[in-house]
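Report on the following structure.
The values are calculated or read from the model by the stated rules, or taken from the named source; none is laboratory data. Just so it is clear, the model here is predicted, and its values are computed rather than measured. Neighbour counts run over all protein chains shown; Cβ positions are idealised from the backbone, glycine included. Side chains are part of the model used for accessible areas, which takes the heavy atoms of the whole protein and leaves out ligands, DNA and RNA. Shrake-Rupley method; radii C 1.70, N 1.55, O 1.52, S 1.80 Å.
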Amino acid sequence: MADLLVDGENALLIPPGDAVALAGRILELLNDGPKRSALGKNAWETVQRCCGLERELQANLKLYSQLVEGSEFY
């Protein structure tokens, strides 16, 4: 999860507080439809892979299972 955002692959990263870089990246997206689409598609796939509903459900089931197994009331 540490490398969730990858510059140029699923995000456009800029240094904090750098308004000039932000404006440049916005213009880059405005002028390049295919790049804009690719970034959006890749970002969606990244979210689904790392944070999607199925992954969250499996994580919750695993947690519940661990809690039940360690419970004194079970």
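Computed values, structure above
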read-out	value
Percent RCO, i.e. relative contact order, over the chain, from Cα pairs under 8 Å lying at least 6 residues apart	30 percent
For ALA11, distant residues with modelled amide H under 5 Å away	VAL6
Heavy atoms of VAL47 accessible to a 1.4 Å probe, total area in Å² rounded to 10	70 Å²
Dipole axis of the chain (+1 Lys, Arg; -1 Asp, Glu on Cβ), positive-most option in ILE26, GLY70, THR46	ILE26
Table column - 3J(HN,Hα) (Hz), the stretch 33-49, Karplus curve with 6.51, -1.76, 1.60, x for Gly and Pro	x, x, 5, 4, 5, 5, 4, x, 4, 5, 5, 4, 5, 5, 5, 5, 6
Along each principal axis, Cα extent of the chain, largest first, Å	60, 27, 13
Residue-by-residue Karplus 3J(HN,Hα) for the stretch 13-29, coefficients 6.51, -1.76, 1.60, Hz, glycine and proline x	8, 9, x, x, x, 8, 5, 5, 5, 4, 4, x, 5, 5, 4, 4, 5
Average accessible surface area per residue within the stretch 1-48, 1.4 Å rolling probe, Å²	73 Å²
